[in-house]
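Structure first, commentary second.
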């Protein structure tokens, strides 16, 4: 409702409604007109538009609305699971992306979600190694009321082999591998992240990210798809991980372009070159693994030619020729200044062989 102010200036509904209308915009790239972005500061909403805040909280509590940052919705949409498919959310907590995946896998249609499950099957397995976060995810998932959700609390890098009823290995049609990261892409909404940021954070978590993506590929069907994503802009956590896993696959894995249905997404190409900081002197940067000087007592510290001074060979960019073969430029980078979002990295992979 929009109304004019009376002479005493007591009428505020009109101005507040106009403010909300101006701040609300539809996300054109999200299917079925199902996502809207409200550009109002949380403090301003709490102070000046309390009625709207109460409404949103109430709708969230019953599962009618899900609140999450716009850019965080991209990985699940890029993965694009279809009704009836078996999907793994490898690092699922707090569960917002899991909810998106469920909506796509269990397309309710006119006869309801339960009928869809009985007719088409399909399920989402949401995993998180932290038992407390997994419990929180279960609490949030109650409002989804879906019989197609399974929650586990297991280390993703050693996710166990699953067996089907005929005792054959159960593989997934789609895997969302949204891995733990330094979170440096979230500085806009979490300024504290900048205060504790350090160039070596990407180095410290690189190996875990590598292990998580490798395991995701192993448990995906041939012909299946994997999305690797982080809320970081550090290439050591992003392109370096993708490049190593694709190279290790010996042609059994390829990087895909952004799906045509998401052409409205504002994105940048993936990086093909970067430098790696020294663990002990961040002013010292290396452009290649071979440029790292030998460490003292290097025989004890280096592992099979893959590690020097705490740095792994997989952290460094491939040659320009190999980067082209891998398709690193098809990786997707999302920058805050492009679409009024946080920073994010997303890559869509297809498994073409074992």
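Listed here are the residues, each with its yes/no results for (1) at pLDDT 95 or above; (2) loosely packed, with under 14 Cβ neighbours inside 10 Å; (3) not assigned by TED's automatic domain parsing to the domain that holds residue 208.
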{"residue": "270", "(1), (2), (3)": "yes, no, no"}
{"residue": "279", "(1), (2), (3)": "no, no, yes"}
{"residue": "282", "(1), (2), (3)": "no, yes, yes"}
{"residue": "296", "(1), (2), (3)": "no, yes, yes"}
{"residue": "299", "(1), (2), (3)": "no, yes, yes"}
{"residue": "302", "(1), (2), (3)": "no, no, yes"}
{"residue": "308", "(1), (2), (3)": "no, no, yes"}
{"residue": "312", "(1), (2), (3)": "yes, no, yes"}
{"residue": "324", "(1), (2), (3)": "yes, yes, no"}
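How about segment 304-354: which of its residues are over 30 Å from residue 292 (Cβ atoms) and free of Cβ contacts under 8 Å to residues at least 12 places away in the same chain?
337
Only one of (1) more than 30 Å from residue 221 (Cβ to Cβ); (2) in contact with a helix residue (DSSP H, G or I) (Cβ under 6 Å, 6 or more places away or on another chain) is not met by residue 246, so which one is it?
Condition not satisfied by residue 246: (1).
Residues that are free of Cβ contacts under 8 Å to residues at least 60 places away in the same chain, over 18 Å from residue 239 (Cα atoms) and surrounded by fewer than 17 Cβ atoms within 10 Å (Cβ to Cβ): does segment 211-218 have at least one?
Within segment 211-218 (the criterion being free of Cβ contacts under 8 Å to residues at least 60 places away in the same chain, over 18 Å from residue 239 (Cα atoms) and surrounded by fewer than 17 Cβ atoms within 10 Å (Cβ to Cβ)), the answer is yes, since at least one residue qualifies.
I'm trying to understand the selection: among the residues of segment 326-337, which are at pLDDT below 95 and within 14 Å of residue 69 (Cβ to Cβ)?
Step one: of segment 326-337, the residues at pLDDT below 95 are 336-337.
If the condition is that a residue be at pLDDT below 95 and within 14 Å of residue 69 (Cβ to Cβ), then 336 is the only one that fits.
With the requirement that a residue be over 17 Å from the mean Cα position of the chain (by Cα) and surrounded by fewer than 19 Cβ atoms within 10 Å (Cβ to Cβ), what does segment 242-257 give you? Reasoning before the result, please.
As a first pass, look at segment 242-257 and keep what is over 17 Å from the mean Cα position of the chain (by Cα): 243-254.
Result: 247, 248, 249, 250, 251, 252, 254.
Hey, could you check segment 258-291 for residues that are outside any loop (DSSP other than H, G, I, E, B) and free of Cβ contacts under 8 Å to residues at least 24 places away in the same chain and say which is farthest from residue 199 (Cα to Cα)?
The initial filter retains those residues of segment 258-291 that are outside any loop (DSSP other than H, G, I, E, B), namely 260-262, 268-269, 276-277, 285-286, 289-291.
Next, from what is left, pick out any that are free of Cβ contacts under 8 Å to residues at least 24 places away in the same chain: 260, 285, 290-291.
Numbers: 260: 35, 285: 11, 290: 20, 291: 19 Å.
Selected residue: 260.
Can you tell which of 53, 37 is surrounded by 15 or more Cβ atoms within 10 Å (Cβ to Cβ), outside the structural domain of residue 122 (by TED's automatic domain parsing) and assigned to a helix (DSSP H, G or I)? Even if it seems obvious, please write down each step before you answer.
Numbers: 37 fails: assigned to a helix (DSSP H, G or I).
Result of the check over 53, 37: 53.
Take segment 183-206 and flag every residue that is loosely packed, with under 15 Cβ neighbours inside 10 Å and within 28 Å of residue 306 (Cβ to Cβ).
197, 198, 204
The values are calculated or read from the model by the stated rules, or taken from the named source; none is laboratory data. It should be emphasised that the depicted structure is a prediction, and the values quoted were computed from it without experimental measurement. No Cβ is skipped: glycine too gets one built from the backbone with ideal geometry, and neighbour counts run over all protein chains shown.
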